[in-house]
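Reviewing the structure listed below.
Every number in this text was worked out from the coordinates using simple rules, so none of it is lab data. For clarity, every value in this text was computed on a predicted model and none was experimentally measured. Here Cβ is always computed from backbone atoms with ideal geometry, including for glycine, and neighbour counts include all displayed protein chains.
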Amino acid sequence: MGIVTADIALSLDGYAAGPNQSLDKPMGEGVDGRLHTWMFAEYADRHAEEIDAITAAGAYVMGRKMFGPVRDEWPAPDAPLGDWTGWWGDEPPYHAPVFVLTHYAREPLKLTGTTFWFVTDGIHSALDQARAAAGDADVAIAGGAETLNQALWAGVVDELRLHVVPITLGAGERVFDRVPALELELLRERVTPEVAHLTYRVRR
């Protein structure tokens, strides 16, 4: 059986998203893509090893904000955002089952290479389903900050991969909020001008 990994990009002051996330500003106010510049355009080749590791899992768990801007009940198909299928278009990058934490039930969403399953009974249930789907491969906590914090609180993360970008945001969704004290063992580190990649084993 694989391990549970978690990747998240964050600012130097610990924020993985700015305040007031919305359709127009999916990462919140004041971010403008700066937390993930290293993953795209001219910088992607420089960080190919880390990007490949993120997309190597056999299944994923993510929060509802990571999936999209819809809150509360899912809208009817003919309502605004009723046809929402995620931020990634018809072919998401995961190419594996993705289990989305939500308080509101929804039928599975099947897209090219990826099926999104909507889990209403908590992170342990989502992880159990993800482990079953992944087989011997790893399960990845895909974000955002609140979902990662839930996973750390629940003690289910084996390997934590922080991608620390040299900016500060000052407000937003912070990693480690309300998480009990952790003991981390540094496994790998790699620093470029765009980001510091820090991989830790979570000791228990």
Residue-count net charge about GLU173 - beta-carbon cut-off 14 Å; Lys, Arg +1, Asp, Glu -1:
+1
Net charge of neighbours whose Cβ lies under 12 Å from the Cβ of PHE116, counting Lys and Arg as +1 and Asp and Glu as -1
+2
Using mean Cβ contacts within 10 Å as the protection proxy, how do 129-142, 71-84, 30-43 order, highest first?
129-142, 30-43, 71-84
For segment 33-48, just list the computed ³J(HN,Hα) in residue order, Karplus coefficients 6.51, -1.76 and 1.60, θ = phi - 60°, integers in Hz, with x standing in for Gly and Pro.
x, 5, 6, 10, 4, 4, 8, 10, 6, 6, 9, 4, 4, 5, 10, 4
Using only DSSP helix segments of four residues or longer, with each worth -39500 (n - 2.57), what per-residue ellipticity at 222 nm results for the chain after dividing by its residue count and rounding to 500?
-4500 deg cm²/dmol
For the chain, the charge dipole (Cβ of Lys, Arg +1; Cβ of Asp, Glu -1; about the Cα centre) points to a positive end, and the Cα of ALA76, TYR200, PHE118 closest to that extreme belongs to TYR200
(i) 1.50; (ii) 0.98; (iii) 1.24, with the label sought being that of the calculated Cα Rg over 2.2 N^0.38 Å:
(ii)
Please compute the net charge surrounding PHE67, taking Lys and Arg as +1 and Asp and Glu as -1 over other residues with Cβ under 13 Å from its Cβ.
+3
Low-density loop chymotrypsin sites (Phe, Trp or Tyr not before Pro), segment 103-193, at most 12 other Cβ within 10 Å, DSSP non-H/G/I/E/B, are TYR104
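Relative to the Cα centre, what is the charge dipole magnitude of the chain, using +1 at the beta carbon of each Lys and Arg, -1 at the beta carbon of each Asp and Glu, and rounding to the nearest 20 debye? Walk me through the numbers before you get to the answer.
On the way: 17 positive and 30 negative charges, 89 e Å.
About 420 debye.
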Which of TRP38, GLY143, THR85, positive extreme of dipole for the chain (C-beta unit charges)
GLY143
HN-Hα J couplings of segment 56-67 from phi, Karplus 6.51/-1.76/1.60, θ = phi - 60°, integer Hz, Gly and Pro as x?
9, 5, x, 6, 10, 10, 9, x, 5, 5, 5, 6
